[in-house]
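Colleague: For reference, the structure I am asking about is given below.
Every number here is computed from the coordinates shown, using simple stated rules; none is lab data. This is a predicted model, so every value here is computed, not measured. Counting neighbours? That spans all protein chains shown, and the Cβs are built from the backbone with ideal geometry, glycine included.
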Amino acid sequence: MTADHQTPGTLYVIAAPSGAGKSSLVNALIKRLSFVYLSISHTTRKQRPGEEEGEHYHFVSKPDFESMVTQGQLLEHAQVFGNYYGTSQAYVEGELRNGHDVILEIDWQGAQQIRRAMQHTRSIYIVPPSRDALQERLEKRSQDSADVIQGRMEEAVNEMSHYNEFDYLVVNDDFYKALDELCSIFVAERLQISKQSQRHQSLLVQLLS
């Protein structure tokens, strides 16, 4: 049986310290749940080899990005290492109207901006199983010096101190267990009475008549 009415989707922000496995989990989640979409950020940084326009980022010039900010076209934006990153409000609102859930992969500061702009946003924070595991992951994925890795560890600890600002917490120890937990959040949110009552309105009328 199909749904009776198009119910707006939910906006999610997912944050994690570098090395916690956020991107791998999000990519697997999108493959598993057909109603979940990942928002593609706009950025002023240079396109890297292997990156595709519109798949990894929307690459724009600094003047164009600043124009988007001035015109209020971005839900959130930030400057990272001299480059700007931002989320298109028109894209997000369009996907939500079409009944899709939308994920923003942003940091805790961006999450604060989003919650102020979109009050019904749900937020998820992902953490590693231990500091040792996080350091090991950072060392494996990088050719950086010990000092740089130590700096990233300190930054990660600062980021993780904001975990309690989020609605959900997922510990990425076993990847598939963490993926199951992440999926359960999205499914449970869609099964709320308020959403299901709208989605299956005529069915419920028929059952109760």
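Colleague: Kindly indicate the residue of the stretch 90-110 that is touching an Asp or Glu at 6+ places or on another chain (Cβ under 7 Å) and closer than 16 Å to Tyr163 by Cβ and also surrounded by the most Cβ atoms within 10 Å (Cβ to Cβ) among those meeting that condition.
Modeller: For the stretch 90-110, the residue satisfying everything is Ile106.
Colleague: How many residues does the stretch 135-164 contain that are of a type in the set (D, E, K, R) and under 12 Å from Trp108 (Cβ atoms)? Before you say what the answer is, go through the steps one by one.
Modeller: Of the stretch 135-164, the ones of a type in the set (D, E, K, R) are 136-137, 139-141, 144, 147, 152, 154-155, 159.
Of the ones still in play, those that are also under 12 Å from Trp108 (Cβ atoms) are 155, 159.
Number of matching residues: 2.
Colleague: Still on this structure, please answer the following. When the residues of the stretch 181-203 are narrowed to those that are part of a helix (DSSP H, G or I) and among the hydrophobic types (A, V, I, L, M, F, W, C), which ends up nearest to Ser23 (Cα to Cα)?
Modeller: Applying the filter and picking the extreme gives Leu182.
Colleague: Can you tell me which residues in the stretch 142-180 are surrounded by fewer than 18 Cβ atoms within 10 Å (Cβ to Cβ), part of a helix (DSSP H, G or I) and in contact with a strand residue (DSSP E or B) (Cβ under 8 Å, 6 or more places away or on another chain)?
Modeller: Result: Tyr163, Glu165.
Colleague: Is it true that some residue in the stretch 76-91 is of a type in the set (D, E, K, R) and within 30 Å of Gln6 (Cβ to Cβ)? Before you say what the answer is, go through the steps one by one.
Modeller: Restricting attention to the stretch 76-91, the residues satisfying the condition of being of a type in the set (D, E, K, R) are 76.
Going one step further and asking which of them are within 30 Å of Gln6 (Cβ to Cβ), we end up with 76.
Among the residues of the stretch 76-91, at least one is of a type in the set (D, E, K, R) and within 30 Å of Gln6 (Cβ to Cβ), which makes the answer yes.
Colleague: On to the next question. Could you identify the single residue in Ser130, Ser194 that is of a type in the set (Ser, Thr, Tyr) and over 27 Å from Glu76 (Cβ atoms)?
Modeller: Answer to the selection: Ser130.
Colleague: Has the stretch 54-74 got at least one residue that is touching a Gly at 6+ places or on another chain (Cβ under 6 Å) and free of Cβ contacts under 8 Å to residues at least 60 places away in the same chain?
Modeller: From the stretch 54-74, those touching a Gly at 6+ places or on another chain (Cβ under 6 Å) are 74; that's our starting set.
Right, trim to free of Cβ contacts under 8 Å to residues at least 60 places away in the same chain and you get 74.
Scanning the stretch 54-74 turns up at least one residue that is touching a Gly at 6+ places or on another chain (Cβ under 6 Å) and free of Cβ contacts under 8 Å to residues at least 60 places away in the same chain.
Colleague: Just checking, does the stretch 44-53 include any residue being touching a helix residue (DSSP H, G or I) at 6+ places or on another chain (Cβ under 8 Å), touching a residue at least 24 places away in the same chain (Cβ under 8 Å) and within 30 Å of Arg137 (Cα to Cα)? I'd like the intermediate steps shown before the answer.
Modeller: Taking the stretch 44-53 and keeping what is touching a helix residue (DSSP H, G or I) at 6+ places or on another chain (Cβ under 8 Å), we get 44.
From the residues that got through so far, the ones that are touching a residue at least 24 places away in the same chain (Cβ under 8 Å) too are 44.
Now restrict to residues that are within 30 Å of Arg137 (Cα to Cα): 44.
Yes, some residue in the stretch 44-53 is touching a helix residue (DSSP H, G or I) at 6+ places or on another chain (Cβ under 8 Å), touching a residue at least 24 places away in the same chain (Cβ under 8 Å) and within 30 Å of Arg137 (Cα to Cα).
Colleague: Which residues, counting only those in the stretch 72-109, are under 13 Å from the mean Cα position of the chain (by Cα) and among the acidic types (Asp, Glu)?
Modeller: Glu76, Asp101, Glu105, Asp107
Colleague: OK, next. Out of all the residues in the stretch 63-89, which are of a type in the set (S, T, N, Q) and either surrounded by 12 or more Cβ atoms within 10 Å (Cβ to Cβ) or more than 19 Å from Ala117 (Cα to Cα) (or both)?
Modeller: Once the filter is applied, which keeps residues that are of a type in the set (S, T, N, Q) and either surrounded by 12 or more Cβ atoms within 10 Å (Cβ to Cβ) or more than 19 Å from Ala117 (Cα to Cα) (or both), the stretch 63-89 yields Ser67, Gln73, Asn83, Thr87, Ser88, Gln89.
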